[in-house]
Structures are given as C-alpha cells and as structure tokens.
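All remarks here apply to the structure that follows.
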Amino acid sequence: MRLFTKTPPGVVCPHFYELILSNGCPYDCVYCYLRLTFRGNKHPVLFTNSWEEVHRELDACGDGVFSTGELADSLAVVPPLLAPAVEYFRARPGKYLLLTTKSCNTAFFRGLEPTPQVIVSFSVNAPEVAERLERLAPPPLARLKAAAKLMEWGWRVRVRLDPVVWDGDLSSYRSVCREIRALGAERVTVGTLRQYPGLFRFAPGAPRKGLHKASDGRMRYSLTVRLGVYERVAEWLGVQPALCKETEEVWQALGWTFCGCNCTV
C-alpha cells in the first residue's frame with residue numbers, strides 16, 4: 001500500500017493509493033511500461049498476504065481511490081485478495097477500489113451485489129493497433145462487450161483509450177470511438193503513447209516513430225500531434241474526455257477544464 005506521488009512537475013495526474021494485490025501482466029503489450037518497471041520479467045506475481053494485514057493498512061489510509069492497476073492488470077489473473085477487498089470497500093463510502101484491465105474476466109462479478117465503491121476500467125485501443133501491439137490481450141471490441149455486461153449487472157464502468165499510437169493517420173481509431181460512445185460508460189479517459197527512454201532496452205520492438213524527449217523525461221509526440229489527436233478523438237466520442245498523465249501545456253492549449261480522470265472520483 002502506498003500513495004502514488006511520482007507525477008513529474010507540469011503533468012496533471014492527481015494522487016491516488018496503489019493497492020498492490022499483484023504485480024505484472026500476462027498480456028505483455030509491446031509498449032508497456034511494466035517491461036521497464038520489472039526489467040523484462042513477464043511473469044505475474046499474486047500476493048497472498050493475510051487479509052488482516054491488508055485490512056490494517058487500508059484502515060490506516062485516508063479516503064480516496066485505491067488502484068490495483070498501476071503495477072498489474074487488475075483482472076487478467078484474478079488476485080486471491082480481490083474478493084475480500086471488494087467486501088471491504090463496499091462498507092466504506094469514502095474509499096473506492098479501482099480495477100483497470102484489458103481482460104474480459106467478468107465471471108468474478110457474476111452474482112455479486114454491485115457497489116458504487118468499486119469501479120472497473122477497461123483499457124482499449126484501435127483494433128488494428130491492438131492486433132499489432134497487444135497480441136496476447138483480448139480484442140478491444142471483446143473488452144467493450146465485457147464492459148457492457150458489467151454495466152448490465154449494475155457495476156460502475158469506465159473506459160481508457162490509451163495509448164493512442166499515432167503514425168500520421170488516426171482513421172483506425174474512428175470505429176473504436178464509435179463503440180465507446182455507444183457504450184455510455186461513466187467516464188472516458190484518453191492518453192497518447194508516452195514512455196521513458198529506458199523501456200527500449202527491454203522492449204526493442206516498442207513503437208518510437210514520432211516520439212521526442214519531453215520536459216517530463218518521457219518520450220512523447222509533439223504538442224501539435226497530441227492536440228490534434230485529442231481534438232479528433234473528442235469529436236468522434238461526442239464528449240470531452242479526461243486526459244491521462246498529460247501536461248498542463250496540453251490542457252491549456254485545448255482550453256479544456258480538468259474535471260477528473262480515470263483515477264479520481
């Protein structure tokens with residue numbers, strides 16, 4: 001358990017708690033920062049601490065969002081401690097459990113009573129991009145169908161279109177934006193490809209076309225490209241999305257007002 005405070009100056013990313021129920025992800029997406037974080041180790045680790053220990057740590061924290069998806073896919077392999085975690089948050093109105101996933105693993109939620117204290121966020125991409133860079137993950141449209149099923153069961157659902165990979169043409173994203181718009185999730189967050197230079201040591205195939213070193217140390221697309229991406233995606237979505245880990249410069253240039261993002265309530 002720890003408070004996420006790693007946001008570089010000039011980047012809009014509110015603090016949240018990391019609830020580390022597992023580490024790593026079996027999907028092994030080509031661009032994923034976890035390749036750098038775990039130095040190429042691709043095997044998920046599921047923690048089996050006593051729930052009493054986790055309970056005490058949670059009680060010692062203040063209210064806020066507790067994300068299990070910063071160092072892992074929250075549901076690709078369901079952590080043993082997820083079930084007691086859901087019940088813990090169900091009874092605490094000021095605390096929220098955030099699960100972020102590329103999986104379609106909805107079986108865990110079948111038969112459970114929904115609670116507003118648990119939010120499930122599905123990360124998707126353009127189908128063509130996912131086929132190339134997210135080869136072991138379920139197809140994006142299958143993820144959105146899983147999201148729709150959870151919504152039917154009464155669970156809170158969000159969508160992240162992240163990372164948008166720009167190669168000079170955004171047309172491949174039009175269809176997935178249409179599907180996201182039709183889903184009607186409570187919040188949509190968008191981000192463009194960004195990665196630290198060290199990633200390329202552990203992911204030599206990671207896309208790097210058009211990326212340049214930015215002031216926050218990440219490799220990013222130019223300001224012009226990012227503004228164009230967000231404006232076009234917003235047009236296709238029919239709504240101003242939230243932005244993930246974007247700079248204050250981008251927010252100001254777009255003239256958008258921050259009204260929350262994937263990791264806030």
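The values are calculated or read from the model by the stated rules, or taken from the named source; none is laboratory data. All values reported here derive from a predicted model rather than from experimental measurement. Virtual Cβ from ideal backbone geometry, glycine too; neighbours counted across all protein chains shown. What goes into the accessible areas is simple: the full protein's heavy atoms, side chains included, and nothing from ligands, DNA or RNA. Shrake-Rupley method; radii C 1.70, N 1.55, O 1.52, S 1.80 Å.
Worth a mention:
- Residue match in region 246-259 (condition: open to solvent by 60 Å² or more (accessible area, probe 1.4 Å) and either touching a Ser or Thr at 6+ places or on another chain (Cβ under 7 Å) or within 21 Å of SER123 (Cα to Cα) (or both)): yes
- A single entry from PHE109, PHE122 fulfils the requirement of being more than 21 Å from GLY191 (Cα to Cα) and either at pLDDT 95 or above or open to solvent by 10 Å² or more (accessible area, probe 1.4 Å) (or both): PHE109.
- Residue under evaluation HIS43, criteria (1) in a loop (DSSP other than H, G, I, E, B); (2) surrounded by fewer than 21 Cβ atoms within 10 Å (Cβ to Cβ); (3) modelled with pLDDT of 95 or more, criterion not met: (3)
- Check on VAL229, crowded, with 19+ Cβ neighbours inside 10 Å, in a helix (DSSP H, G or I) and touching a Cys at 6+ places or on another chain (Cβ under 9 Å): no
- Selected residue [touching a Pro at 6+ places or on another chain (Cβ under 6 Å) and either open to solvent by less than 30 Å² (accessible area, probe 1.4 Å) or outside any helix (DSSP H, G or I) (or both)] from GLY191, GLY210, GLY205, GLY217: GLY191
- Just one of the listed residues (LEU99, LEU141, LEU81) is free of Cβ contacts under 8 Å to residues at least 40 places away in the same chain and buried (at least 21 other Cβ atoms within 10 Å of the Cβ), and it is LEU99.
- Qualifying residue in region 148-161 (condition: over 22 Å from PRO241 (Cβ atoms) and either in a loop (DSSP other than H, G, I, E, B) or open to solvent by less than 70 Å² (accessible area, probe 1.4 Å) (or both)): yes
- Residues of region 167-184 classified as surrounded by 21 or more Cβ atoms within 10 Å (Cβ to Cβ) and either in a loop (DSSP other than H, G, I, E, B) or touching a Phe, Trp or Tyr at 6+ places or on another chain (Cβ under 6 Å) (or both), total: 1
- Summed over region 125-137, the residues that are open to solvent by 10 Å² or more (accessible area, probe 1.4 Å) and within 15 Å of the chain's Cα centre (by Cα) give a count of 1.
- Any hit, region 66-75, residues being farther than 18 Å from PHE16 by Cα, open to solvent by less than 60 Å² (accessible area, probe 1.4 Å), in contact (Cβ under 8 Å) with a residue 24 or more places away in the chain and assigned to a loop (DSSP other than H, G, I, E, B): yes
- Selection from region 187-212 of residues that are free of Cβ contacts under 8 Å to residues at least 60 places away in the same chain and closer than 14 Å to LEU237 by Cβ: VAL188, VAL190, GLY191
- Condition met for VAL54 (in contact with a strand residue (DSSP E or B) (Cβ under 9 Å, 6 or more places away or on another chain), surrounded by fewer than 21 Cβ atoms within 10 Å (Cβ to Cβ) and either of a type in the set (Phe, Trp, Tyr) or not in a loop (DSSP other than H, G, I, E, B) (or both)): no
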